[in-house]
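Chemist: Mind looking over this structure? Questions follow.
Bear in mind that the values in this text are calculations on the coordinates, not laboratory data. Since the structure is predicted, the reported quantities are computational estimates derived from the model, not experimental observations. All Cβ positions, glycine included, derive from the backbone under ideal geometry; neighbour counts span all protein chains shown.
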Amino acid sequence: MKEAICTAHSPQPAGAYSQGLRANGLIFVAGQGPRDPISGQVAEGIATQTHQVLQNIRAILEAVGCTLDNVVKVSAHLANMADFDAFNCVYAEYFQEPYPVRTTVGSQLPGILVEIDAIAVDPEPGSGDRHSLHR
């Protein structure tokens, strides 16, 4: 059984996918870009974009009672691997040891510098009501 997660505190999907899913004791967060959910704007620079991406992920997790501390796996896509050090400095502000496992790759991204998806452990597995969760 899987349940969709949807929150107005993170940008709405631009295609046929969910912001997140709750399934089998895990929370899956779709790749999030640096779009501000209120203004719709994308700030410039890798540090600012990384902050926004991680805030978007945090909002989706919070919609189901999770925090970034529940994250166990992250996949990060950078438009330019030369931005890795700046990205990693911001990333380290959001996570504590033991850090989630992570894969970071260079990717062609549509007008953005970073996109991140995450998998978290659900602190309340089975707490959903079999319908989409909206917050």
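Chemist: Go through 90, 64, 104 and say which Cα lies farthest out towards the positive end of the charge dipole of the chain; charges sit on Cβ, +1 for Lys and Arg, -1 for Asp and Glu.
Modeler: Positive-most Cα among the choices belongs to 64.
Chemist: How high is the relative contact order of the chain, given as a whole-number percent (alpha carbon pairs under 8 Å, six or more residues apart)?
Modeler: With pairs under 8 Å counted, the relative contact order is 35 percent.
Chemist: Per-residue counts of other Cβ atoms within 10 Å, averaged by peptide: what ranking do you get for 13-21, 26-34, highest first?
Modeler: In decreasing order of mean packing, 13-21, 26-34 become 26-34, 13-21.
Chemist: What trypsin sites (Lys or Arg not before Pro) in the range 1-65 are in a loop by DSSP, with at most 12 other Cβ atoms within 10 Å of the Cβ?
Modeler: none
Chemist: Calculate, in nm to one decimal, what residue 101 and residue 72 gain on full extension: separation in residues at 0.36 nm each, minus their alpha carbon distance.
Modeler: Details: separation 29, 0.36 × 29 = 10.44 nm, distance 0.62 nm.
Working it through step by step, the gained length comes to 9.8 nm.
Chemist: Here's something else I'd like to know. Describe numerically, in nm with one decimal, the distance between label points set 7 Å from Cα along Cα→Cβ at residue 44 and at residue 1.
Modeler: 5.0
Chemist: Fewest first, what order do 67, 7, 50 take by the number of other Cβ atoms within 10 Å?
Modeler: 67, 7, 50
Chemist: Per-residue ellipticity at 222 nm for the chain, helices alone: DSSP H runs ≥ 4 residues times -39500 (n - 2.57), over residue total, nearest 500 deg cm²/dmol?
Modeler: When only DSSP H runs of four or more count, the value is -6500 deg cm²/dmol.
Chemist: Let me ask something else about it. Largest first, please: the extent of the C-alpha atoms of the range 15-95 along each principal axis, to the nearest Å.
Modeler: Principal-axis extents of the range 15-95 (Cα, largest first): 37, 26, 19 Å.
Chemist: Can you work out D for the chain in µm² s⁻¹ from Stokes-Einstein, where Rh is the Kirkwood radius over C-alpha pairs, the temperature is 37 °C and the viscosity is 0.692 mPa s?
Modeler: On the way: Rh = 14.9 Å.
Translational D for this selection: 220 µm²/s.
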